[in-house]
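The values are calculated or read from the model by the stated rules, or taken from the named source; none is laboratory data. Note that the structure is predicted; figures quoted are calculated from it, not measured. Cβ placement follows ideal geometry from the backbone for every residue including glycine, while neighbour counts extend to all protein chains displayed. Side chains are part of the model used for accessible areas, which takes the heavy atoms of the whole protein and leaves out ligands, DNA and RNA. Shrake-Rupley method; radii C 1.70, N 1.55, O 1.52, S 1.80 Å.
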Amino acid sequence: MSRPLFIVFEGIDGSGKSTQLKLLCERLAANGRKPHPTAEPTDSTTGKMLRAALSGSDPRTAAEMAALFTLDRIHHNKCENGIEKSLDAGFDVISDRYYYSSLAYQGSLTDYEWVRRMNCDCPEIKRPDLCIFLDMSPKAALARIGSRGEATEIYEEEETLTLFRATFMRVFHSLTDNIAIIDAEGTPEEVSDRVWDAVKTLL
Ligand code: TMP
């Protein structure tokens, strides 16, 4: 059995991350591993401030959002039941979003290099073993968001998601991290098989 893994799901809003995260956790458990699902923003005080900003009820600048997401991420690494402690306890940590989202979203809206350094040079933000990017066209992603019937968030517009998807791709070409770009269109089972092909190479 390999050491505990830290895997991150990324994608534009509506790309199916939560479904795929759940399916991956089920497959890891079926293979005798202990998955620990988690997400950003977290439930911390900072995470709650971020949710209020994302809903549009407490608007903030892009730089404020970048700083808040970074603070929340440090907390996510260090807190009780957080990333570090869960890995130390032998769990595979699977996170719905991580610093790639800050680089793509806030990095598109404020100074990219500042956002990159704040995250990638931070000694308290761990690098994942694998980032799985669920790639989907903004049109298809927005159709999925619409079919959920939930309140939309500030970034959920075609033009914005098109910009973020392009920035994600630039981010992936500029970092040395282990990244798997996966076609997220198809049935959840088809996409889950593609995700598993990328994960099983690490087991
Ligand atoms: P979610 O809808 O996938 O839960 O993510 C919440 C929103 O927050 C989504 O629009 C992406 C955005 N976000 C950022 O802008 N920067 C970040 O660093 C993170 C983690 C999320």
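If I ask for residues that are in contact with a His (Cβ under 8 Å, 6 or more places away or on another chain) and part of a loop (DSSP other than H, G, I, E, B), which ones from region 82-94 would you list? Give the derivation first.
Taking region 82-94 as the starting set, the residues that turn out to be in contact with a His (Cβ under 8 Å, 6 or more places away or on another chain) are 82-83, 86, 91-94.
G82, F91 - these are the residues of region 82-94 that are in contact with a His (Cβ under 8 Å, 6 or more places away or on another chain) and part of a loop (DSSP other than H, G, I, E, B).
When you scan region 12-29, do you find a residue that is polar (S, T, N, Q), without any contact (Cβ under 8 Å) to a residue 24 or more places away in the chain and exposed (fewer than 13 other Cβ atoms within 10 Å of the Cβ), even just one?
Here is the first cut: in region 12-29, the ones polar (S, T, N, Q) are 15, 18-20.
Subset that is without any contact (Cβ under 8 Å) to a residue 24 or more places away in the chain: none.
There is no residue in region 12-29 that is polar (S, T, N, Q), without any contact (Cβ under 8 Å) to a residue 24 or more places away in the chain and exposed (fewer than 13 other Cβ atoms within 10 Å of the Cβ).
Do we have D92 as among the acidic types (D, E) and within 16 Å of the chain's Cα centre (by Cα) here? Don't jump to the end; show me each part of the working.
Details: among the acidic types (D, E): yes; within 16 Å of the chain's Cα centre (by Cα): yes.
Taking the combined requirement at face value, the residue satisfies it.
Are there helices (runs of 4 or more DSSP H) fully within region 105-203 with at least 2 residues that are away from the ligand (no atom under 16 Å from the Cβ) and buried (at least 18 other Cβ atoms within 10 Å of the Cβ)? List them. Before the answer, list the steps.
Numbers: elements: 112-120, 138-148, 158-174, 188-200.
Result: 188-200.
Could you say whether any residue in region 56-76 is assigned to a strand (DSSP E or B) and free of Cβ contacts under 8 Å to residues at least 60 places away in the same chain? Give the steps one after another, and end with the answer.
Quick first cut of region 56-76, residues assigned to a strand (DSSP E or B) only: none.
For region 56-76, residues assigned to a strand (DSSP E or B) and free of Cβ contacts under 8 Å to residues at least 60 places away in the same chain: absent.
Before we move on, is S137 more than 20 Å from R51 (Cβ to Cβ) and either among the hydroxyl-bearing types (S, T, Y) or free of Cβ contacts under 8 Å to residues at least 12 places away in the same chain (or both)?
Numbers: more than 20 Å from R51 (Cβ to Cβ): yes; either among the hydroxyl-bearing types (S, T, Y) or free of Cβ contacts under 8 Å to residues at least 12 places away in the same chain (or both): yes.
Spelling it out, S137 is indeed more than 20 Å from R51 (Cβ to Cβ) and either among the hydroxyl-bearing types (S, T, Y) or free of Cβ contacts under 8 Å to residues at least 12 places away in the same chain (or both).
Just one of (1) part of a helix (DSSP H, G or I); (2) within 11 Å of the ligand (Cβ to nearest atom); (3) of a type in the set (A, V, I, L, M) trips up I12, so point out which.
The number of the failed condition is (1).
Pairs please, first residue from region 141-169 and under 20 Å from A52 (Cα atoms), second anywhere and of a type in the set (S, T, N, Q) and part of a loop (DSSP other than H, G, I, E, B), Cβ atoms under 7 Å, 6+ apart in sequence or on different chains.
Short answer, once both residue conditions are applied: I145/T152.
Going by the conditions given, is G32 within 9 Å of the ligand (Cβ to nearest atom) and either among the small types (G, A, S) or without any contact (Cβ under 8 Å) to a residue 24 or more places away in the chain (or both)?
Working: within 9 Å of the ligand (Cβ to nearest atom): no; either among the small types (G, A, S) or without any contact (Cβ under 8 Å) to a residue 24 or more places away in the chain (or both): yes.
No: the conditions fail for G32.
From the set of residues in region 41-81 that are of a type in the set (S, T, Y) and open to solvent by 30 Å² or more (accessible area, probe 1.4 Å), which is farthest from the ligand (Cβ to nearest atom)?
Going residue by residue through region 41-81, those that are of a type in the set (S, T, Y) are 42, 44-46, 55, 57, 61, 70.
This time we only want the ones that are open to solvent by 30 Å² or more (accessible area, probe 1.4 Å), so: 45, 55, 57, 61.
Details: T45: 16, S55: 10, S57: 14, T61: 13 Å.
My answer is T45.
If L87 satisfies all but one of (1) within 25 Å of T19 (Cβ to Cβ); (2) within 11 Å of the ligand (Cβ to nearest atom), what's the number of the condition it fails?
(2)
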